[in-house]
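J.: Questions regarding the structure given below will be posed in turn.
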Amino acid sequence: MRAVPFAVACILLATSRAFAVEPMAPSDIQATFFNGQPFTASTPGGTKFKMTFTTDGKMTREPLAHTGYKNSGTWKLTAKGFCTTWQHAKSTCFAITPNGEDKWSVQQAATTIATTVAVWSK
């Protein structure tokens, strides 16, 4: 009888791994977002920005409401995603995973548990 719960647990574990979403490859991140075309970023707190990443490694953000602030900085691709450096801030690295149609979760890469810091949409 003990084998049945164990078998069910193994099936559930295998099924959950089959549906795990893989992060985007750096080349796909560049082609999708770092092409000079603006897109929207939403923070977990609901603040929205118009983001523009240009092909020369520069980026800007502009708040879409009265919260948040305008800023600029630089970006670079890494083996697992990308890193950004905003004015007056240290570099931070991220991975992007698809999160529905025309939505992507931006997750901080420096943590052992993925922490979503924004959702990007087009």
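J.: Probe radius 1.4 Å, ligands and nucleic acids ignored: give me the carbon and sulfur share of the accessible area of region 44-122 as a rounded percent. Intermediate results must be reported in sequence, preceding the final value.
T.: Numbers: 2700 of 4970 Å².
C and S atoms contribute 54 percent here.
J.: Step through the table entries Lys48/Lys80; Lys50/Lys122; Lys48/Lys70, compare each Cα-Cα distance with 20 Å, and write down the pairs that go over it.
T.: Numbers: Lys48/Lys80 25 Å; Lys50/Lys122 10 Å; Lys48/Lys70 11 Å.
Over 20 Å Cα-Cα: Lys48/Lys80.
J.: Quick one: compute the contact order of region 26-122, relative version, from alpha carbon pairs under 8 angstrom and 6+ residues apart, as a percent. Show your work: numbers first, answer last.
T.: Details: 205 pairs, mean separation 20.6, N = 97.
Relative contact order here is 21 percent.
J.: If you roll a 1.4 Å probe over the heavy atoms of the protein chains, what accessible area per residue do you get for region 27-122, in Å²?
T.: For region 27-122, the solvent-accessible area averages 59 Å² per residue.
The values are calculated or read from the model by the stated rules, or taken from the named source; none is laboratory data. The structure displayed is predicted, hence computed values, not measured ones. Note: areas computed on protein heavy atoms with side chains; ligands, DNA, RNA excluded. Shrake-Rupley method; radii C 1.70, N 1.55, O 1.52, S 1.80 Å.
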